[in-house]
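The structure under discussion appears below in the form of structure tokens.
Please treat every number below as a calculation from the coordinates, not as lab data. Given the structure is predicted, the values throughout are model-derived calculations rather than measurements. Here the Cβ positions follow ideal geometry from the backbone for every residue, glycine too, while neighbour counts run over all protein chains shown.
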Amino acid sequence: MERGRSGIIIDRVLNTVLLVSFVVFLSVFIIGNLVLPNEKDYSPSSAINFSEGWKIRRNGELRSIQIPANVHDSDNPLIIENTLPKITKGELLSIRSSQQDARFYVDGILRGEYHTPYGKNSASRFLFWKLDEKDSGKSVRIELSSSSIYSGTVNEIFLGTEVDIWYYYISKFVVNDLFALFMVCMGLFSLVFSLFLKLAYSRNNVLLVYYGLEAVLTGLWRLSESRIRQLYFHNNSFTSSMAFVLMLMMATMLPFFMNSIQRNRYRRLWRVMETLTFLQLAISCTIALLGIYDFVEMLPAILLLSLLLLLTSLSTILRDIKKGYWKVYRYTAYGMMILVILMIAEIYLVYFASWYTQQQGLLMFTGLFILMFCTLYQEVRDLVINLNEKDRKEKEHEQLLNKQVIMALTATVDAKDRYTKGHSTRVADYSREIAKRAGMSDRDVNKVYYMALLHDVGKISIPDYIINRPGRISEEEYEIVKNHTLSGCEILRNIKEMPDIYKGALYHHERWDGTGYPHQLKGEEIPVEARIIAVADSYDAMTSFRHYRDVLSQVRVRTEIMKNRGTQFDPHFADIMLKMIEEDRWFRMREM
């Protein structure tokens, strides 16, 4: 015992040391990277920000412009001019086109242009134009033209090597892309987990499927909208168009998800919403393919329907809270309400907060991340509850089956002796009542009951001519009868579901004073269940007809139990039996 306790203490100490070590390591790792000097080989400052000194040509006149800028009522094309500084070998000039065609001139000579044939306007992307040492001090002109809402946008301009410029762009924009990649992983995890639930537990979990698809679409949408998407995807123009298609697909998933968690309670409403989202998807794609409008020009309509879906989701959840229906999806409802609030904030910031442009999608990612954990917790919790309920029902079925088998076996034993029909059942009833009055738990009371039902099962092995012999049996025959305790033990010992059930059959003829059989156990050496059964068995034997005598009177029965209290019977259980007899004024207990 002491060694076991020492082992537990050592395990606790080691676990504490491990936890403290982890916390210390994590703290040192984070603080070290925040406090120690910067030793990066590359710095965003390696790329020269060439946004100063530019002039814009409007109505034939040159005027200074502060870049980045959004020039309202600009000429088309929008023309900006500057003079190149000293150029070193391998340097390039870079600017981001925002849905604009672009032309690049050095000293009046066209050196590069960008235009894509997909869509009404070119897709946004970072452009790189090569420069030569001979270009130092020469004039440079950039022409930007577009019919989109970004026609007057002029983004930052950089000079430097391709590696330096890309390092700047990646360090500035990659964080959101990592969130997007994580979102795709979350979606795939949800789909795999849903498949696992299907294969392992035959649980059709469409809720996780809808969430997984939504998360994958959201992550792909953000990667397709990334400022540096041209690093990830083969065709930038195609990816730009697909970003809007993905946004439309994201909207189609929401009604299915909501209908799933609300268990078809608002089926008609969500069917209407599903139809609207599919119609918007089909119409928007058709208009874009025909070149009537760009997706970006249809963005207000897309966001308007998304806002309607979000508000509808919130209103149905609030109604479910009021009606009390939300209890079955409480945790998913928490996550959904948080997502709705963050998504509404996201839509507002995209349109009315220019500083949020670079963080676009961050609030939505946060909401989906919270929703994932809420949904997973809800699903795992429901799974555990269902498994426990299934296990409970299986145990109840098993107990019922065991009881039926026991009752059938009991009936077989009682039928063997024509003089004691119903004996086992009555003894079980008396034993259960004694156990209850003794203050035993429900589990132990049931245990006593089943032991009592089978206490005479060993009589199956006794020849019928002995059991049903009229008159008293011989000494030799009595020795055979006594073996029914051992036979009963052998029959019941291998029942794994009730490993102690044999004790009633084996020990119910032991006596408190140690003169019983088969092992001459004494006092509390005798299992408590057998001591209870011994009193109940003797009471039923005295109150039942026997072939060698009639039923004893209630007074005689009481006298016999009093006489054998402390010799044959456990005094405590004998007293309970006497109390039961005292209460049974009309001698009805034997009819139980």
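The table below gives the values:
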{"quantity": "Other-chain or far-sequence residues with amide H under 5 Å of Gly112's (modelled H)", "calculated": "Phe104"}
{"quantity": "Sorted by Cβ density within 10 Å, fewest first, the residues Ile462, Ile473, Ile9", "calculated": "Ile9, Ile473, Ile462"}
{"quantity": "Phi-based couplings in Hz for the stretch 461-469 (Karplus 6.51, -1.76, 1.60; Gly and Pro marked x)", "calculated": "7, 8, x, 4, 5, 7, 4, 9, 5"}
{"quantity": "Karplus 3J(HN,Hα) series, Hz, for the stretch 95-100 with 6.51 cos²θ - 1.76 cosθ + 1.60 (x for Gly, Pro)", "calculated": "8, 9, 7, 9, 6, 10"}
{"quantity": "Built amide H within the under 5 Å cut-off of Phe569, gap 5+", "calculated": "Trp512"}
{"quantity": "Helical segments meeting 27 Å axial Cα length and Kyte-Doolittle -1.0 threshold in the chain (DSSP H)", "calculated": "2-35, 162-201, 206-225, 236-261, 267-289, 299-323, 330-352, 362-416"}
{"quantity": "Order of Val380, Val457, Val140 under a 10 Å beta carbon neighbour criterion, fewest first", "calculated": "Val380, Val140, Val457"}
{"quantity": "Two-decimal Rg/Rh across the chain, once Rg and the Kirkwood Rh are taken from alpha-carbon atoms", "calculated": "1.32"}
{"quantity": "Above-threshold pairs, the threshold being 29 Å between Cα atoms, out of Lys130/Lys172; Lys89/Lys172; Lys134/Lys172", "calculated": "Lys134/Lys172"}
{"quantity": "Whole-Hz couplings from phi, Karplus 6.51/-1.76/1.60, listed for the stretch 128-143; x for Gly and Pro", "calculated": "10, 10, 6, 10, 10, 4, 5, 7, 4, x, 7, 6, 10, 9, 10, 10"}
{"quantity": "Over 19 Å between alpha carbons, listed pairs Lys403/Lys503; Lys323/Lys390; Lys447/Lys522; Lys436/Lys579; Lys395/Lys496", "calculated": "Lys323/Lys390; Lys447/Lys522"}
{"quantity": "Other-chain or far-sequence residues with amide H under 5 Å of Ser544's (modelled H)", "calculated": "Leu552"}
{"quantity": "Structure-based [θ]222 nm, the chain - -39500 (n - 2.57) summed over DSSP H runs of at least 4, per residue, nearest 500", "calculated": "-19500 deg cm²/dmol"}
